[in-house]
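Comments concern the structure below.
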Amino acid sequence: MSTAEIQRTDQEILDRAAQDDIDAIAAYNPDPDAVLHEVQDQADALFTWDYEKGSRPRLDKLYEKAKVSQWNAQTDLDWSIEVDPQKAFNIFTEVSNVNTGHWTEHPDSPAKNWGDKEWDQFSVESFAWRLSQFLHGEQGALLCTAKIVETVPWIDAKYYAATQVVDEARHVEVFNKYIDEKIGVRYPVNPHLQLLIDDIINDSRWDMTYLGMQIMVEGLALAAFGLMHQVTTEPLLKKLLRYVMADEARHVAFGVLSLQEVYQDMTAQEVRERQEFAFEAGIRMRDRLLQQEVWDRMGCDVKHAVKHGLDIPDEDQIFSQLLFSKIVPNCRKLGLLDAGDGWLRDRFTEIGVIELEHLEDTGQEYDAFTLDEGTPIPAPH
Ligand SMILES: [Fe+2]
Ligand SMILES: [Fe+2]
C-alpha cells in the first residue's frame, strides 16, 4: 500500500468538519465541576534487563544534570511577597497583544465598547485563565512522564523520565499554590488542552507520548513561560517561572534527543503518522489559546469572540506565533517538517507559524537555562 492510499483527511485527524469549525472550537468543557477525569491508557509497560547506564550518553548527561538541579517549591520561593493582581496582570495583557486595535476598535469586535473597567477585569480573568491552563497542563505532563517511565525501552530514558516526574509534581504544586494564594480566580481545563492530553495518554505507541508532551505541549509551555517571565514585574511569579523554565528546557531536550534516534528507523508511513499527530496537536493548542472561557465570563458571545480571534490579521499574530517558537524548530530538527512530501511544512504554513523554523532548536539549549547564579536567561525569540 502506498503512503498516498492511507493518508487521513482533516476530518479524521481533527474529528471535525473543518480546521476553523467555530462550533467545535467554541465548545466547552462538558463537565467543569468534576473532580476526576478518566482516560484509557493503551500502552504496554516495558521492563528492560539491559541496565547499562550511559549507553545513551546524551540522555545520561541530562539525567545527571536533573539530579543536581532540584529545587523546592516550598522553601526556595518567598511566599510572603504580596501580589497586586491588577498591576501584575495588566502589563502582561498589554504585551500579549490582546488589547490591540483588532479588539478595541474593530467594528466587529465583541469588546469594542469596553472601557478601562472591563479591560482591567479582562486582564485579571485572562491571566488567571492562562495560569490555570498551565496548572492543568503540568498535571498532564506529570501523568505523561509517569507513562514514559513505564513504556520507554531504554534504561537511561527511564532514569531521566523519573526525574521529570518529580519536576512536574513541583510544577503542579507551585502553580496551584500561586493561583490559590495570590490570585484567587481559577478556570477548569480548556477542552482542547484536555482533548490533546487524552489523545497522548490514550495512544499505544510510546514515542507519541514524547511527541505530544515533550515536543508540542512542553515546547509551547517553555515559550509561554519565557514570554511571561520577560514581561512580568511581579517578583514572585518572575522567580517561579525562572525555576520552572530551567526544568522545562531539560524536558524539551529529552524529547528531541530521544525522538531523533527513534525517527531514524521509521518507515515513511510511520513518520507520516507522527506528522499528522504534530499537526493535530498544533491545532488543539491554537484553539486553546483563543480562551473562550474568558470571553464567556466577560459576557461576550463566545462563537463571535472565537471567530474574531481567528480573524486577527497576520501583523497582530506575533504573540501566538511566538508560542510556537520552540515547536517548529524542534519539528524541523526531528525531520518532521519535510519528511515525505513536506506535508507538515504545508500545514504549519497554513496556520502561520512556519517562519519560526530556523530559530534555535532545544536539543542542547537546556544548559543556557541552568539556575546557576549569574547565568542570564536566554531572551524569548
Ligand atoms: Fe512542567
Ligand atoms: Fe515539563
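Throughout, read-outs are computed from the coordinates displayed, never taken from laboratory work. Everything numeric in this text was worked out from a predicted model, so none of it was measured. Neighbour counts are summed over all protein chains in view; Cβ atoms, including those assigned to glycine, are modelled from backbone coordinates with ideal geometry.
Report the per residue volume, in Å³, of the convex hull enclosing the C-alpha atoms of the chain.
140 Å³
With an 8 Å Cα cut-off and a minimum separation of 6 or more residues, compute the relative contact order for segment 172-257 in percent.
Values: 42 pairs, mean separation 23.8, N = 86.
Answer for segment 172-257 is 28 percent.
Given +1 on the Cβ of Lys and Arg, -1 on the Cβ of Asp and Glu, and no further charges, what dipole in debye does the chain carry about its Cα centre, rounded to the nearest 20? Before the final figure, lay out the partial values.
Details: 36 positive and 69 negative charges, 150 e Å.
That gives a dipole near 720 debye.
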Among T232, T209, what is the fewest-to-most ranking by other Cβ atoms within 10 Å? T232, T209
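Quick one: D301, D247, fewest Cβ neighbours within 10 Å first, how do they rank? Working shown, then result.
Working: D301 13, D247 25.
Exposure proxy ranking, most exposed first: D301, D247.
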In terms of Cα to Cα distance under 21 Å, which lysines are near enough to K303, apart from those fewer than 8 places away along the same chain? K112
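How much length is gained on full extension from K87 to N113, taking 0.36 nm per residue of separation minus their Cα-Cα distance?
Working: separation 26, 0.36 × 26 = 9.36 nm, distance 2.26 nm.
Contour length minus the Cα-Cα distance gives 7.1 nm.
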Of the options T370, T104, F122, report the single residue whose Cα projects farthest towards the positive end of the charge dipole of the chain (beta-carbon charges: Lys, Arg +1; Asp, Glu -1). T370
Send over the per residue convex hull volume for segment 261-339, Cα only, as a whole number of Å³. 111 Å³
Name all residues of segment 319-351 having a backbone nitrogen under 14 Å from the label point set 7 Å from the Cα of I13 along its Cα→Cβ direction, giving them as ranges. 336-351
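Apply the Kirkwood formula to segment 129-169: the hydrodynamic radius equals the inverse of the mean of 1/r over all pairs of different alpha-carbon atoms; give it in Å with one decimal.
Working: mean 1/r = 0.0954 Å⁻¹.
With all distinct Cα pairs of segment 129-169 included, I get 10.5 Å.
Using a/c under 1.5 as the rounded threshold, could you call segment 9-92 rounded, prolate or oblate? The axes a ≥ b ≥ c are square roots of the C-alpha gyration tensor eigenvalues, and prolate needs a/b larger than b/c, oblate otherwise.
Values: a/c = 2.24, a/b = 1.12, b/c = 2.00.
Oblate.
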Starting from the alpha-carbon convex hull of segment 227-371, give the projected area averaged over all orientations, in nm². 10.4 nm²
Remind me, relative contact order of the chain in percent, using alpha carbon pairs under 8 angstrom and six or more residues apart? 22 percent
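Give me D180, D296 ranked fewest to most by other Cβ atoms within 10 Å of their Cβ, as a rough exposure proxy.
On the way: D180 11, D296 15.
So the residues, fewest neighbours to most, are D180, D296.
Rounded, prolate or oblate: pick one for segment 137-208, where a ≥ b ≥ c are the square roots of the eigenvalues of its C-alpha gyration tensor, a/c under 1.5 means rounded, and failing that, prolate if a/b is larger than b/c, else oblate. Please list the in-between numbers first.
Numbers: a/c = 5.34, a/b = 1.56, b/c = 3.42.
Oblate, because a/c is 1.5 or more while a/b does not exceed b/c.
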